[in-house]
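First the structure, in the form of structure tokens, and then the observations on it.
The values are calculated or read from the model by the stated rules, or taken from the named source; none is laboratory data. Here the structure is a predicted model, which is why all the values come from computation and not from measurement. Cβ sites come from the backbone with ideal geometry, for glycine too, and all protein chains shown count toward neighbours.
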Amino acid sequence: MFVGPTLPRSDPQLAAPDVRVWPPAGHGDLFDSAIRGEDTVVVIDGVYHQAPALRHKEILAAMGRGVRVIGAASIGALRAAELGPYGMLGVGRVYSAYASGEIDGDDEVAVGQTPDGEWDALTWPVVNLRHVLGLARSAAVLNGGRAARLLAALRAVYYPQRTTAAVQSVCRRQGETEFARWLAEQRKQDRHFGDLKRADALAAIDIALGGRASQAAARTAPAVWETTYFRRWSNAFARTCVDGLDLSTEDRLVYQQVFDPAFHTTWAAYLEHRSLHPADCGPGLPLAERLAQVTGNDLPADRVFHPAIDLRNEATVALLLAGETEMDRQAVARYADALARERQSRPGFSTAAVRDDVTRRLLLRVWQCPEERFDAEASARGLVHGVRAVETAKRLIPGLLDEMAETTERTEVACGGC
């Protein structure tokens, strides 16, 4: 279950033995290998302001491999309304409001959250305010016109600032002190009064634990979600634990492409494999025969064929990392740490900030190839061309520069002692 401000971790309903609690869902979380086919995932809360949000195609892909996905209360309700036709199950009144078109903005469920990792809500979401105003109308505390004006005034407050104090202040400015007193009294008697999101989240837990989610629709066809962007995301989030190291599979591959002097042979073997076993399940052909059909053998295969790489495929990973050593994996970990240090020490830093000319010069040095052979060398290593090689290798530059600096320092120390 992905949950945060809607239900705090201390909530007793989350202590059921079959419930595993994760922080609010973000981009990449459903790629986690711990989520397996036939599991049930409940999406309640998610990040979207401070980090990339959970993408629709990630949910479709999870359902495509047999995971049952339920959405409720917050971003889960919004995604369920959008993906209901594809098999995602929506639960609760917030979901129903999204599905019916009564509400349509993600600001309806947004709340400010504590920065301490506990994910507690600090502010009121619009859906809860709308629900409370409806209860006030039923109790004859407000009439329809006054409730509508008050909702508009409350909604005008930016969501991270819509605290209980701010709500009371707006009520006073609107002359609705009776409503403010009534709401304070209701909250005093029941601190969860009017919390529609909480009620929906608890209903989703009940459905998940009761097994009623098993009636989800048939699995979504890969054609719906297997796009270029999705493959890029899935590769970026692929990870493996080996030699006690938790490593990005993509980082391991890029390290081999850059530093393994024999990777030309590895890439040629991968092209042969893909020619014999096409991803579209079409007829397999020896690479030389396929190349002759396309070019007449006047170009090398790596300059003609650029198949997409799926790092979720174990056979693909085994082929591409066939030459990897334990020392390589340790280097990958060091390079990842160097990149992480760079990001921590320079807020806003990304690999895009690494200079193209520096990266190109270092690649030429590592590959020991002349400038005019740069594109050909990149292609032979599965990097398509020089521009792509530069962009791909930028993640390694902080680590490479660290190693070069250490080597220079050791050399200077050694020479100084001669």
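Numbers at a glance
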{"read-out": "Selected residue [touching a Ser or Thr at 6+ places or on another chain (Cβ under 8 Å), of a type in the set (A, V, I, L, M, F, W, C), surrounded by 13 or more Cβ atoms within 10 Å (Cβ to Cβ) and modelled with pLDDT of 95 or more] from 336, 380, 331, 389", "value": "336"}
{"read-out": "So residue 271, is it surrounded by 13 or more Cβ atoms within 10 Å (Cβ to Cβ) and over 26 Å from residue 332 (Cβ atoms)", "value": "no"}
{"read-out": "Residue count for the range 1-38, restricted to those that are modelled with pLDDT of 90 or more, in the same structural domain as residue 84 (by TED's automatic domain parsing) and either among the small types (Gly, Ala, Ser) or under 17 Å from residue 89 (Cα atoms) (or both)", "value": "4"}
{"read-out": "Members of the range 60-78 that are within 19 Å of residue 233 (Cβ to Cβ), in a helix (DSSP H, G or I) and of a type in the set (A, V, I, L, M, F, W, C)", "value": "60, 61, 62, 63, 75"}
{"read-out": "Of the criteria (1) within 11 Å of the chain's Cα centre (by Cα); (2) assigned to a loop (DSSP other than H, G, I, E, B), which one residue 57 fails", "value": "(2)"}
{"read-out": "Filter result for residue 81 (part of a loop (DSSP other than H, G, I, E, B) and within 29 Å of residue 35 (Cα to Cα))", "value": "no"}
{"read-out": "Residue in the range 6-19 that is farther than 19 Å from residue 124 by Cβ, crowded, with 18+ Cβ neighbours inside 10 Å and either charged (D, E, K, R) or touching a residue at least 60 places away in the same chain (Cβ under 8 Å) (or both) present", "value": "no"}
